[in-house]
1. Can you tell me which of 90, 41, 98 moves the most in a GNM of the chain? Springs connect C-alpha atoms under 10 Å apart.
2. Using helices alone, I'd like the mean residue ellipticity at 222 nm for the chain: each DSSP H run of four-plus residues gives -39500 (n - 2.57), total over residue count, nearest 500.
3. Just in region 1-43: which trypsin sites (Lys or Arg not before Pro) are loop by DSSP and have at most 15 other Cβ atoms within 10 Å?
4. Which distance in nm do the two modelled labels at residue 96 and residue 37 give, with both placed 7 Å along the Cα-to-Cβ direction?
5. If you add up the charges near residue 94, with Lys and Arg at +1 and Asp and Glu at -1, over every other residue whose beta carbon is less than 12 angstrom from its beta carbon, what do you get?
6. With no solvent and one equal point scatterer placed on each C-alpha of region 3-100, evaluate the Debye formula and give log10 I(q)/I(0) for q = 0.12 Å⁻¹, two decimals.
7. Across the chain, how many lysine pairs, 8 or more positions apart or on different chains, have C-alpha atoms separated by under 19 Å? Please give the number.
8. Towards the positive end of the charge dipole of region 3-100, with charges on Cβ (+1 Lys, Arg; -1 Asp, Glu), say which of 75, 65, 29 has the farthest Cα.
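Derivation of every value follows stated rules applied to the coordinates shown; laboratory data play no part. This one's a predicted model, so the numbers in the text were calculated from it and none came from an experiment. In this analysis, Cβ positions are derived from the backbone assuming ideal geometry, glycine residues included, and neighbour counts consider all displayed protein chains.
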Amino acid sequence: MVIEYMGDILRAEVAMRKELLYKAKNRPAYMFRIYGERVIDATRSGSPARYINHSCSPNCVAEVVTFERGHKIIISAARRIERGEELCYDYKLTPVADQSKIPCHCGAANCRKWIN
Ligand SMILES: [Zn+2]
């Protein structure tokens, strides 16, 4: 285990409203979707895990773990990580239509060009 992705657990519709609110205030939003209906909002009360970037060739994995009737997101090492190496995991975002695709700049040889 490297770190837990912490934050406020919200229903998906509440998270969508909050994301629009953050956008209106020009604040970056840090959110992690858990199995469709729940989202962890790390924007205001999250752990440093919210700063971990996406990579198509990651050194970590994000796993949703059931814990006392709730869920936790655990970031774990997928291989040996060298000192000073940037942590990254595959965001595994749902593919979307062309106009809202987010380009990937991970630099991996197997980069998929898009995060979503
Ligand atoms: Zn990539």
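1. Most flexible of the set in this elastic network: 98.
2. On the way: 1 runs with 13 residues, N = 116.
Value at 222 nm, helices only: -3500 deg cm²/dmol.
3. On the way: sites: 11, 17, 18, 23, 25, 33, 38; in loops: 25.
For trypsin sites (Lys or Arg not before Pro) across region 1-43 that sit outside H, G, I, E and B with at most 15 neighbouring Cβ atoms in 10 Å, the list reads 25.
4. 2.4 nm
5. Numbers: positive: 33, 92, 101; negative: none.
Taking every Cβ under 12 Å from that of residue 94, the sum is +3.
6. Treating every Cα as an identical point scatterer, log10 I(q)/I(0) equals -0.42.
7. Values: 23/101; 72/92; 92/101; 92/113; 101/113.
Lysine pairs meeting both conditions in the chain amount to 5.
8. Working it through, the farthest residue towards the positive pole turns out to be 29.
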